[in-house]
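Asks: Here's a structure for you.
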Amino acid sequence: MKEALKSAPLKPVHVIGAGMAGSEAAWQIAQAGVPVVLHEMRPVVKTDAHQTDGFAELVCSNSFRSDDAEQNAVGLLHEEMRRAGSLVMAAASVAKVPAGGALAVDRDIFSDHVTAALTAHPLVSVERGEVAGLPPAEWDNVIVATGPLTSAALSEAIASLTGAEELAFFDAIAPIIYRETIDMSVCWFQSRYDKAGPGGTGKDYINCPLTREQYETFIRMLIEGEKTDFKEWERNTPYFEGCLPIEIMAERGPETLRYGPMKPVGLTNPHMPDVRPYAVIQLRQDNALGTLYNMVGFQTKLKHGEQTRIFRTIPGLERAEFARLGGLHRNTFLNSPKLLDRLMRLKKEPRLRFAGQVTGVEGYVESAAMGLLAGRFAAAERMGREPSAPPRTTALGALLAHITGDAVAETFQPMNVNFGLFPPVEIGLDENGKRPRGKAKGPARKRAYTSRALRDLAGWLAPQAEAAE
């Protein structure tokens, strides 16, 4: 009987979108021995960003960022994906170009490799054309990996299913800072008027005080700082008053920010209790671990270099390190912590699984990584096995945990992988039997993160490989 079940043909998994996430998902499914139908609307329906009909086309940068798997979170993610049999990482290896410590690719060679591998795979069927609306009910195992440029028809169908307020069409991003790089001899914890709020303590914000002179200088730098232009297809997207760029607010008048996100009322600086700050910048916890804090109200179109320069003039943030810099652009992404379960399935309709940038991850590699996981989960389900999520101590697991529950749903914004998403790690002793100190401490902590991650990844991959045999 078991042999008969094994030999019975499996129904295909449907993957919508052949970008980074969809291509990776389709590859993982097919490599697991499950048939897959890969739906790609190009060239039948074009987008404002894509130039070709190739799979995994890179529409912006050609860089996958750092390839350092020992000291960098995205480099670690590269290595984890390689060990999990990633098509995207294999194509990057074939198409790589000189880029120092980064992994950059020839975008045409990269896309051609992904396209050729998938179209040649005996278990992959490619269907060109738009999936206009929700997938048919008979598609009982579907991955939606349509990215930030999801077609209007599918966007409307998803919005109708999830509730329109759960599908964002304008992405306002504030910078996020590593908690350990904030100078708490200058800053302090306090909520305005010590108001605790739901689940709070009355000390739920980190506050950075500014004098009048510091505030006026800061406003001038915001207005004069170099800005990034909107892309062509974003130019007709209006600003929403609720997420105006910080520099636009500054241009409305010198006191606008003091009566907005930088108002100093209800706060007392314990370092200088007799001096009321002229203005205050607040940072709010951004993840469950308390390792990341976002700059409240600081969505911006300042260029990244300008953000780093200007925001490090803020008292207490002189040595700030940024997990993510700010931005403002048109986008489509789900409020994943609220809508998706831990295996990336839509809670309201579990036959639909989402992957890639539409889930609220930022970056090529992060999008592909979510496709890798979605593909593995979908294949396991189709074969009658219970999917297993990777440990959250891995880059794959940390990113998955963030978008499916660790992030605060009310303030959820797209995120790159970074060590602030990982559970804290104990730094081991050095070769002399001592704990690293000073400048050696940071690199030692990163090595501890990466060595733990790869060790735990091996434990996750082993039983899956055995089950597939």
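Per-residue answers, yes or no, for (1) farther than 25 Å from residue 133 by Cβ; (2) surrounded by fewer than 16 Cβ atoms within 10 Å (Cβ to Cβ); (3) modelled with pLDDT under 95:
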| site | (1), (2), (3) |
| --- | --- |
| 2 | yes, yes, yes |
| 26 | no, no, no |
| 31 | yes, no, no |
| 75 | yes, no, no |
| 100 | yes, yes, yes |
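Asks: Next up: All but one of (1) within 26 Å of residue 181 (Cα to Cα); (2) of a type outside the set (Val, Ile, Thr); (3) touching an Asp or Glu at 6+ places or on another chain (Cβ under 9 Å) hold for residue 357, so report the exception by its number.
Replies: (1)
Asks: Residues that are within 15 Å of residue 222 (Cα to Cα) and not small (Gly, Ala, Ser): find the helices (runs of 4 or more DSSP H) completely inside segment 241-347 holding 2 or more of those.
Replies: Those helices (runs of 4 or more DSSP H) span 246-251, 304-311.
Asks: Would you say residue 144 is in contact with a helix residue (DSSP H, G or I) (Cβ under 8 Å, 6 or more places away or on another chain), modelled with pLDDT of 85 or more, open to solvent by 10 Å² or more (accessible area, probe 1.4 Å) and over 27 Å from residue 296 (Cβ atoms)?
Replies: Here the answer is no, as residue 144 does not meet what is asked.
Asks: In this structure, is residue 394 among the hydroxyl-bearing types (Ser, Thr, Tyr) and open to solvent by 10 Å² or more (accessible area, probe 1.4 Å)?
Replies: The answer is no for residue 394.
Asks: State yes or no: is residue 458 surrounded by fewer than 16 Cβ atoms within 10 Å (Cβ to Cβ), part of a helix (DSSP H, G or I) and over 16 Å from the mean Cα position of the chain (by Cα)?
Replies: yes
Asks: For residue 88, indicate whether it is within 30 Å of residue 346 (Cβ to Cβ), open to solvent by less than 20 Å² (accessible area, probe 1.4 Å) and more than 19 Å from the chain's Cα centre (by Cα).
Replies: It is false that residue 88 is within 30 Å of residue 346 (Cβ to Cβ), open to solvent by less than 20 Å² (accessible area, probe 1.4 Å) and more than 19 Å from the chain's Cα centre (by Cα).
Asks: List the number of the failed condition for residue 381; all other conditions in (1) within 29 Å of residue 447 (Cα to Cα); (2) open to solvent by 40 Å² or more (accessible area, probe 1.4 Å); (3) not aromatic (Phe, Trp, Tyr) hold.
Replies: If we test residue 381 against (1) within 29 Å of residue 447 (Cα to Cα); (2) open to solvent by 40 Å² or more (accessible area, probe 1.4 Å); (3) not aromatic (Phe, Trp, Tyr), just (1) comes out false.
The values are calculated or read from the model by the stated rules, or taken from the named source; none is laboratory data. Just so you know, these numbers come straight off a predicted model, no measurement behind them. FYI the Cβ positions are ideal-geometry reconstructions off the backbone, even for glycines, and counts take in every protein chain you see. With ligands, DNA and RNA removed, areas are computed over all heavy atoms of the protein, side chains included. Shrake-Rupley method; radii C 1.70, N 1.55, O 1.52, S 1.80 Å.
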